[in-house]
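**Student:** Got a structure for you, questions after.
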Amino acid sequence: MKLDAKIPAGNLEDKWTTYRSKCKLVSPANKRRLDVIVIGSGLAGASAAATLGELGYNVKCFCFQDSPRRAHSIAAQGGINAAKNYQNDGDSIYRLFYDTIKGGDYRSREANVYRLAEASVQIIDQCVAQGVPFAREYGGLLANRSFGGVQVSRTFYARGQTGQQLLLGAYSALSRQIAAGSVKMYNRHEMLDVVVIDGKARGIIARNLITGQLERHGAHAVLLCTGGYGNVFYLSTNAMGSNVTAAWKAHRKGALFANPCFTQIHPTCIPVTSGYQSKLTLMSESLRNDGRVWVPKKKEDRLKPPQQIPEEDRDYYLERMYPAFGNLVPRDIASRAAKVVCDEGRGVVKSGYAVYLDFSDAIKRLGKDVIAARYGNLFEMYQRIADDNPYETPMKIFPAVHYTMGGLWVDYDLSTTIPGLYALGEANFSDHGANRLGASALMQGLADGYFVIPVTIAQFLADEIRTPPINTNQAAFAEAQNNVQAQIDRLLGIKGNKSVDDFHMALGKIMWDKCGMARNAEGLKQARKEIQTLREEFWQNVLVPGTANEFNPELEKAGRVADFLELGELMVIDALNREESCGGHFREEFTEDGEAKRDDANFQYVAAWEFTGTGKDPQLHKEELVFENVKPSTRSYK
Amino acid sequence: MKITLKVWRQKNAQDNGRFETYNVADIESDMSFLEMMDVLNQQLIKDKKDPVAFDHDCREGICGMCSMVINGHPHGHVKATTTCQLHMRSFKDGDTIVVEPWRAKAFPVIKDLAVDRSAFDKVIQAGGYISVNTGSAPEANSVPVPQDMAEKAMDAAECIGCGACVAACKNSSAMLFLSAKVSHMALLPQGQPERKKRVISMMKAHDEAGFGSCTNTGACEAYCPKGISITNIARLNREFLSAALSSEQPV
């Protein structure tokens with residue numbers, strides 16, 4: 001298989017404009033006759049479904065939650081980037097593009113990232129018009145703040161709930177289309193397979209989670225807007241329901257999965273306190289604007305109350321190691337530095353896995369009121385969970401799995417390798433390379449949904465105007481449904497001795513220990529074996545209570561964990577294959593002066609994997625990354 | 001900690017439902033209430049019994065999915081919290097805790113503690129939006145919004161749509177939820193063109209969905225996890241009255 005990213009010719013600045021001037025269109029009369037399925041209702045899914053509905057397509061949108069407003073985009077805190085240059089600090093579309101490429105450690109595609117930076121400007125306009133209550137200055141104009149990995153202020157925000165407000169904006173646009181009849185919404189439905197006919201995606205099998213009924217839905221195109229797979233680690237900042245199932249089923253049907261080992265470990269999360277913990281909570285990166293990260297210089301001070309450690313005995317290690325960016329280095333670098341100081345035995349909690357994030361200087365400089373206005377809700381959230389007052393005692397934080405840069409391989413049109421099957425937002429791999437910069441996930445989800453897919457999907461659908469509505473009585477639908485039913489029956493029939501959570505936790509431990517913040521060949525090889533053994537045990541000994549024809553959350557979880565058990569192996573294989581350190585992927589064997597050592601000569605490519613069977617070696621396809629505008633260099637934040 | 005739980009069990013919407021009593025041990029005070037429920041469910045699964053169904057997702061207090069009435073209090077007795085952000089340190093060793101679903105005509109039980117809140121979606125679909133197609137928005141800074149108005153709009157927009165206001169209200173009214181959306185949009189310049197139509201249409205959808213009327217007891221505000229104020233309901237009433245009086249259509 002030859003991967004063609006279909007990058008338009010021409011100058012970087014002109015590619016998207018030229019594309020739009022010359023691309024195929026579908027007339028309004030024909031749009032009415034074309035059906036599009038959207039899986040997921042987060043920023044990417046809701047914005048895509050709403051916009052395609054506005055354009056006149058017949059849209060069906062599915063989410064597993066009880067309402068499209070619950071999707072996990074809602075939990076994003078800090079903000080959304082846009083190259084508006086409202087602060088007159090030298091920002092531009094090119095600079096946002098450059099920062100994103102560099103931040104991603106030169107493992108993303110130039111053309112996609114430039115388009116993202118261009119769309120960022122329109123996103124803010126669109127969201128403001130929808131009534132998103134962004135923070136404003138006294139004069140009534142929009143306010144900005146800074147985020148990690150950049151030296152300009154381009155982040156727009158709504159207190160610490162930017163994701164919530166943007167999602168509610170997209171949800172309101174979606175609700176308007178539902179009311180207008182152009183979008184039909186299916187809440188509490190989970191997609192369990194994609195149906196491929198004559199090489200094209202033609203529909204899905206979904207389970208109604210309340211009745212347990214399997215349903216067939218046909219469409220001319222299917223969009224997967226299903227988020228990331230961070231929950232493969234069991235503990236992450238993802239929602240409990242976040243999963244890889246839709247993307248994985250597509251992978252099994254032929255869609256290539258790209259760079260699965262690129263996971264983002266976010267530096268500022270509330271540390272794990274004990275084994276019962278079900279999830280981790282992020283403290284927004286925006287806190288690093290005013291908080292200073294430190295650990296004691298001496299090991300013996302690590303459990304002392306922080307107020308009793310004098311200034312000269314504190315190691316503000318990010319400021320020391322990276323003076324140019326200080327506490328605002330990118331996430332991968334901040335996380336790794338925390339790991340280094342904790343591995344040295346200077347972690348500040350009993351387990352040894354936490355560092356301080358200290359606001360006392362900022363409170364002295366700006367006053368408590370200013371800090372409360374900026375971060376009040378985050379401080380409150382921290383206090384509620386950690387039972388500690390961050391106005392008085394420094395926060396304790398530690399890195400946690402937060403985002404996955406890898407995902408389904410897509411071309412410039414956001415099409416996967418299955419024609420008619422698209423992947424948007426975190427579910428695809430395209431824009432963040434090996435590391436995502438803060439406040440860029442919201443930007444990408446909305447760019448894909450509001451501005452990219454409505455244009456690019458016409459390249460496929462323009463040739464489908466003669467295709468009648470997809471008949472779901474075809475054999476491919478029956479076969480897909482039978483396979484889904486067989487898996488459900490098998491899961492319920494095992495009646496073993498271990499719960500789904502037992503297996504999920506065990507998988508998470510393997511992934512975190514051996515494919516987490518630092519990886520090496522030996523550990524990865526061992527991890528692969530351990531995952532295979534665990535997967536075998538799962539299919540012999542899992543205990544799923546209840547029946548198929550009822551509301552059965554344990555059955556839902558079992559299906560998702562079954563897919564994580566396959567994905568985990570692919571991640572390990574990918575991490576083993578990539579013999580370099582870049583972004584969130586840090587191989588202990590490939591370093592220079594303790595910093596990650598990238599290998600552009602051998603690994604400047606996207607690793608896109610083809611499924612060949614469970615437990616079998618997947619086939620690697622390489623998309624070479626060509627940099628025509630920026631010159632890959634060693635990322636320096638010093 | 002050892003806890004005794006009296007949990008509402010109801011197989012499906014048709015079942016009458018009843019309380020079942022369970023004992024859970026080894027509860028740590030740092031656990032969230034939902035993590036304590038996880039412990040119960042793991043215990044039930046291993047005893048080959050049916051685990052308790054409950055809604056939850058983000059577990060960080062923002063998605064609005066979790067929904068339990070705990071000892072008679074929606075989201076528990078701690079002020080301004082969701083169930084997922086309620087911790088066992090707020091309870092004592094040996095406590096008996098009664099756990100029920102939201103109870104309201106408009107929120108039928110699906111199973112055990114999970115209810116159907118699609119009535120909320122219907123209220124939003126009736127007008128909780130600004131009609132602006134993608135691509136047609138003017139430059140973001142072309143319409144200044146006074147900072148205090150933006151802040152007030154944000155205060156209302158913080159609603160997470162969990163439904164605790166309905167569960168707390170003796171009339172099962174969703175006026176706090178409705179007023180939060182109406183206020184959010186009425187306070188912003190972008191919301192002006194559809195201001196009157198919006199409030200009339202959403203009010204109608206609220207009543208049709210089976211939510212009751214507001215009698216100003218203030219229970220909704222007391223239990224709102226995001227501290228949405230009932231001054232929004234006062235604003236809703238003003239908005240509705242002025243829209244109704246100046247409407248050219250019968251309301």
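The values are calculated or read from the model by the stated rules, or taken from the named source; none is laboratory data. Small disclaimer: the values here were computed from a predicted structure and weren't measured. Cβ placement follows ideal geometry from the backbone for every residue including glycine, while neighbour counts extend to all protein chains displayed.
**Student:** Could you identify the single residue in A:Arg598, A:Arg587 that is touching a Cys at 6+ places or on another chain (Cβ under 8 Å), at pLDDT 95 or above and either exposed (fewer than 13 other Cβ atoms within 10 Å of the Cβ) or not β-branched (Val, Ile, Thr) (or both)?
**Tutor:** So the residue among A:Arg598, A:Arg587 that is touching a Cys at 6+ places or on another chain (Cβ under 8 Å), at pLDDT 95 or above and either exposed (fewer than 13 other Cβ atoms within 10 Å of the Cβ) or not β-branched (Val, Ile, Thr) (or both) is A:Arg598.
**Student:** Does A:Ala596 fit the bill of being in contact (Cβ under 8 Å) with a residue 12 or more places away in the chain and within 25 Å of A:Pro330 (Cα to Cα)?
**Tutor:** Spelling it out, A:Ala596 is indeed in contact (Cβ under 8 Å) with a residue 12 or more places away in the chain and within 25 Å of A:Pro330 (Cα to Cα).
**Student:** Right, something else. Do we find that B:Ala153 is part of a loop (DSSP other than H, G, I, E, B) and either within 12 Å of chain A (Cβ to nearest Cβ) or farther than 19 Å from A:Ala173 by Cα (or both) in this structure?
**Tutor:** When the stated conditions are applied, B:Ala153 does not pass them.
**Student:** Another question, then. Quick one: would you say B:Lys197 is over 17 Å from the mean Cα position of the chain (by Cα), within 14 Å of chain A (Cβ to nearest Cβ) and closer than 26 Å to A:Leu166 by Cβ?
**Tutor:** Criteria met by B:Lys197.
**Student:** On to the next question. Is there any pair with a first residue in the stretch B:223-251 that is touching a residue at least 60 places away in the same chain (Cβ under 8 Å) and not assigned by TED's automatic domain parsing to the domain that holds B:Leu187 and a second that is surrounded by 13 or more Cβ atoms within 10 Å (Cβ to Cβ) and aromatic (Phe, Trp, Tyr) whose Cβ atoms are under 6 Å apart and which are 6 or more apart or on different chains, and what are they?
**Tutor:** none
**Student:** Moving on to the next point. Kindly establish whether B:Gly227 is more than 16 Å from B:Ala174 (Cβ to Cβ) and not in a helix (DSSP H, G or I).
**Tutor:** The answer is yes for B:Gly227.
**Student:** Do you know which residues across the stretch B:122-139 are within 7 Å of chain A (Cβ to nearest Cβ), in contact with a Phe, Trp or Tyr (Cβ under 8 Å, 6 or more places away or on another chain) and outside any loop (DSSP other than H, G, I, E, B)?
**Tutor:** Correct list: B:Ile124 only.
**Student:** Being more than 14 Å from chain B (Cβ to nearest Cβ) and assigned to a loop (DSSP other than H, G, I, E, B) is the filter here, so list the residues in the stretch A:175-214 that pass it.
**Tutor:** A:Asp198, A:Gly199
**Student:** Of all residues in the stretch B:35-66, count the ones that are out of contact with any strand residue (DSSP E or B) (no Cβ under 6 Å at 6 or more places or on another chain), surrounded by 19 or more Cβ atoms within 10 Å (Cβ to Cβ) and more than 9 Å from chain A (Cβ to nearest Cβ).
**Tutor:** Number of matching residues: 2.
**Student:** OK, next. Could you pull out the residue among A:Asp14, A:Asp105 that is of a type in the set (Asp, Glu), farther than 30 Å from A:Arg188 by Cα and free of Cβ contacts under 8 Å to residues at least 40 places away in the same chain?
**Tutor:** Going through A:Asp14, A:Asp105 in turn, just one is of a type in the set (Asp, Glu), farther than 30 Å from A:Arg188 by Cα and free of Cβ contacts under 8 Å to residues at least 40 places away in the same chain: A:Asp14.
**Student:** Just to be sure before I move on: is B:Asp207 away from chain A (no Cβ under 12 Å) and surrounded by fewer than 23 Cβ atoms within 10 Å (Cβ to Cβ) in the structure I sent?
**Tutor:** Spelling it out, B:Asp207 is indeed away from chain A (no Cβ under 12 Å) and surrounded by fewer than 23 Cβ atoms within 10 Å (Cβ to Cβ).
**Student:** Output the residues belonging to the stretch A:452-496 that are outside any helix (DSSP H, G or I) and without any contact (Cβ under 8 Å) to a residue 12 or more places away in the chain.
**Tutor:** Residues satisfying the conditions are A:Arg466, A:Pro468, A:Asn473.
**Student:** Between a first residue in the stretch A:337-352 that is assigned by TED's automatic domain parsing to the domain that holds A:Gly326 and within 25 Å of A:Asp593 (Cβ to Cβ) and a second residue that is at pLDDT below 95 and among the β-branched types (Val, Ile, Thr), which pairs have beta carbons less than 8 Å apart while being 6 or more apart in sequence or on different chains?
**Tutor:** Pairs found: A:Ala337/A:Val329.
**Student:** Take the residues of the stretch A:54-97 that are assigned to a helix (DSSP H, G or I) and within 8 Å of chain B (Cβ to nearest Cβ): which is surrounded by the fewest Cβ atoms within 10 Å (Cβ to Cβ)?
**Tutor:** A:Glu54
**Student:** Oh, and also: For the structure I just gave you, tell me whether B:Gln147 is surrounded by fewer than 24 Cβ atoms within 10 Å (Cβ to Cβ) and under 19 Å from A:Ala173 (Cβ atoms).
**Tutor:** No.
**Student:** Next question, about the same structure. Tell me whether the stretch B:137-156 contains one or more residues that are among the hydroxyl-bearing types (Ser, Thr, Tyr), modelled with pLDDT of 95 or more and under 19 Å from the mean Cα position of the chain (by Cα).
**Tutor:** no
**Student:** I would also like to ask the following. Would you check if there is a residue in the stretch A:479-488 being within 14 Å of another protein chain (Cβ to nearest Cβ) and surrounded by 15 or more Cβ atoms within 10 Å (Cβ to Cβ)?
**Tutor:** Within the stretch A:479-488 (the criterion being within 14 Å of another protein chain (Cβ to nearest Cβ) and surrounded by 15 or more Cβ atoms within 10 Å (Cβ to Cβ)), the answer is no, since none of the residues qualifies.
**Student:** Of (1) touching a Cys at 6+ places or on another chain (Cβ under 8 Å); (2) assigned to a loop (DSSP other than H, G, I, E, B), B:Leu34 satisfies all except one. Which?
**Tutor:** Among (1) touching a Cys at 6+ places or on another chain (Cβ under 8 Å); (2) assigned to a loop (DSSP other than H, G, I, E, B), B:Leu34 violates only (2).
**Student:** Taking the stretch B:105-121, which residues are buried (at least 22 other Cβ atoms within 10 Å of the Cβ), more than 8 Å from chain A (Cβ to nearest Cβ) and of a type outside the set (Phe, Trp, Tyr)?
**Tutor:** Matches in the stretch B:105-121: B:Ala106, B:Val109, B:Asp112, B:Leu113, B:Val115, B:Ala119.
**Student:** So, of the residues in the stretch B:9-31 that are in a strand (DSSP E or B) and over 21 Å from A:Ser274 (Cα atoms), which turns out to be nearest to the other protein chains (Cβ to nearest Cβ)?
**Tutor:** Of everything passing the filter in the stretch B:9-31, B:Arg9 is nearest to the other protein chains (Cβ to nearest Cβ).
**Student:** Only residues that are in a loop (DSSP other than H, G, I, E, B) and in contact with a Leu (Cβ under 8 Å, 6 or more places away or on another chain): list them for the stretch A:105-125, please.
**Tutor:** Across the stretch A:105-125, the qualifying residues are A:Tyr106, A:Arg107, A:Ser108, A:Arg109.
**Student:** Would you tally the residues in the stretch A:411-451 being touching an Asp or Glu at 6+ places or on another chain (Cβ under 7 Å) and in a loop (DSSP other than H, G, I, E, B)?
**Tutor:** So the count comes out to 8.
**Student:** Another question, if that's okay. Looking at A:Gly139, A:Gly149, A:Gly163, A:Gly131 in this structure, which one is in contact with a Leu (Cβ under 8 Å, 6 or more places away or on another chain) and at the interface with chain B (Cβ under 7 Å from one of its Cβ atoms)?
**Tutor:** Answer to the selection: A:Gly131.
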